[in-house]
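Q: One structure coming up, written as structure tokens, with questions to follow.
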Amino acid sequence: MLVTAFFLSLTILMFSAAVILHPRVSLGFVRIHVGISVLPPLIALLNLVTTSTNRIFGPWHLDPLAWLTTLFVLTIGSVVQRYSIRQLLGDRNYRGYFTLLTLTTCSASLAWLSNDLRLLLVCWGATLLGLTMLIGLNREWRIARTAAVRTGRLFVLSWMVLAIAMTWLALVTGHWQFSLALVKGNIAQLGSWERVGIPLLLVIAVAILAAQYPFQRWLLDSVVAPTPVSAVMHAGVVNAGGIILTRFAPVFTGDLAQILLIVIASISVLLGTGTILVQVDYKRQLVGSTIAQMGFMLIQCALGAYLAAIIHAVLHGLFKSALFLQAGSAVHHNEPADATTTPKPSLLLRFAGPVLGLFVGIGFWRMVEGRGFDMISALLLGWSVAFAWSHLVTLGLGRIGRTVGIVLLAGSLIVFGLILAIFYVLLHGTVPQAIQPHPFAVCLVLFVLLTSSVIGAWLSRHPSSTFFSVVYLWLVRLGEPHRDSVESHPKYLATRLYSRR
């Protein structure tokens, strides 16, 4: 009953999106359309809560992971459309924007619900096509057209690579149905070439989608898109790599593919973090953050931590879409420097943070199963707690400021535990159980973490060195979009104003 209601509501939503295009339909209908867009995610939420096992419904593969990703994509789409009612009012592409955005999010949700690999490819291709059209929606602006063409080419490449991987898998196993192609008996039919080739193709496909090095510039070019489009793109498309690798985890077992993914993602993490530090444009900083976060998510997949990758993808999407929607209020004003000096924190407060982080990391390590990626998670969690303590408590102003910092830190840890428990309950048995990662992969990740920390600490203490200048200029160059995708002032506006005169 709920499944039928969901597909019915999704059909009504897509029909409503088509009605908007009719010129005789009042623009006030957009508000009704946005109200209709709330129904599919609500019904998807009910299906997520009531579904605990895998279920095949015609061409659809309905399990908690499918409903979670569908709920996530449709919720982001509904929120962004509600935000766009006034933000884009007056734009000549107003009607087409809502139609394209609705069809893009609906096709993405259908892709994650698909049980047939061919249907998945069609729906995902429609999603990438819709997003490309949204980037180049303003056809009068040459910069937007250029960014759309360049992004579209990479999307086509990613889709074709993914299609080759899925077709190869279907031909070897003899099944196009997702639920049959990935069972153990059919996976055992894969030969040595398939066990190496299919994972490598998946790595290339998801690296392009996640804007990983050396494909990161398409995401930098796309900042010319309207801010709501950027919110959907950063929340529902670039994090698709984690979902794809989680879905195809039974075939993503090659050591070569895992190590290659770790190398690419590690470079991207460093590049994205550096982009945040050297760029002054707010949207480019958000792009750099996305590149780094997606790199970390792919590292989690490479180490077999698929549940952590899904949690990361969903929370990052919600957080990043909120940041994009408030990008217009991110103007920093010059404030007078505070003449008062901050008192130096006591030695006890400075050492309490690392000690607390150590205990939290050890506690997390003892609670989990103690695999390779769990050790890395424990290290990162302990470092995060120590970092948060130093900024919220150690540097707090006065006793009240430090008390508030302790409360915020404790509340964050409680919320983290609750979110982890909720996702574990919802997705347990659906997300593939992680296998022990290759020791070399774990050592490689630890080496990257240690090396980047040492280099970062050295650069922060030697800002006048030649090496610092080289790294800075390298990050600026790699964190810039293509020259033909940047324009200080939209020239088409001046042309339109001149023609009116």
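The values are calculated or read from the model by the stated rules, or taken from the named source; none is laboratory data. Remember, predicted model here, so these are calculated numbers, not experimental data. Positions of Cβ are backbone-derived with ideal geometry, glycine not excepted, and every protein chain shown enters the neighbour counts. Accessible surface areas use protein heavy atoms only, side chains included; no ligands, DNA or RNA. Shrake-Rupley method; radii C 1.70, N 1.55, O 1.52, S 1.80 Å.
Q: So how do 42-54, 177-189, 101-113 stack up, highest first, on mean other-Cβ count within 10 Å?
A: 101-113, 42-54, 177-189
Q: Just to confirm, what accessible area per residue do you get for the chain at 1.4 Å probe, in whole Å²?
A: 49
Q: How are the C-alpha pair distances of the stretch 1-115 spread across 10 Å bins, as whole percents from the shortest bin up?
A: Distribution as computed: 14, 47, 26, 11, 2 percent.
Q: Residue 184 to residue 461: extension gain in nm, 0.36 nm per residue of separation minus the Cα-Cα distance?
A: Working: separation 277, 0.36 × 277 = 99.72 nm, distance 5.33 nm.
Gain on extension, residue 184 to residue 461, equals 94.4 nm.
Q: Oh, and also: Taking the Cα centre of the stretch 1-115 as origin, sum charge times position over the Cβ atoms of Lys and Arg (+1) and Asp and Glu (-1), and report the length of that vector in debye to the nearest 20. Intermediate values should be presented prior to the final figure.
A: Values: 7 positive and 2 negative charges, 79 e Å.
Dipole of the stretch 1-115, to the nearest 20 debye: 380 debye.
Q: Between residue 56 and residue 4, what FRET efficiency follows from the Cβ-Cβ distance if R0 is 22 Å, with the result rounded to 0.05? Walk me through the intermediate numbers first.
A: Values: r = 15 Å, r/R0 = 0.67.
Efficiency at R0 = 22 Å is approximately 0.90.
Q: Sorting check: for 63-76, 4-17, which peptide has the highest mean count of neighbouring beta carbons within 10 Å, and how do the rest follow?
A: 63-76, 4-17
Q: Further, regarding this structure: Of all the accessible heavy-atom surface of the chain, with the other protein chains kept in place and a 1.4 Å probe, what percent is carbon and sulfur?
A: 69
Q: Separate question: Mean separation of Cα pairs under 8 Å and 6+ residues apart, divided by the residue count of the chain: what relative contact order is that in percent?
A: 14
Q: Taking the Cα-to-Cβ direction at residue 145 and at residue 403 and moving 7 Å from each Cα, how far apart do the two end points lie in nm?
A: Inter-label distance under the simple model: 6.3 nm.
Q: From zero outward in steps of 20 Å, how is the percent of C-alpha pairs of the chain spread across the bins?
A: 21, 54, 24, 1
Q: Give, rounded to the nearest 20 debye, the magnitude of the charge dipole that the chain has about its Cα centre when Lys and Arg contribute +1 at Cβ and Asp and Glu contribute -1 at Cβ.
A: Charge dipole of the chain: 1160 debye, to the nearest 20.
Q: Right, another one. Normalising by the residue count of the stretch 1-115, find the relative contact order in percent from Cα pairs under 8 Å and 6+ residues apart.
A: 34
Q: Taking amide H atoms as placed 1.01 Å from N in the peptide plane, list the residues 5 or more away in sequence, or in a different chain, whose amide H sits under 5 Å from that of residue 114.
A: Excluding prolines and chain starts, which carry no amide H, the hits are 61.
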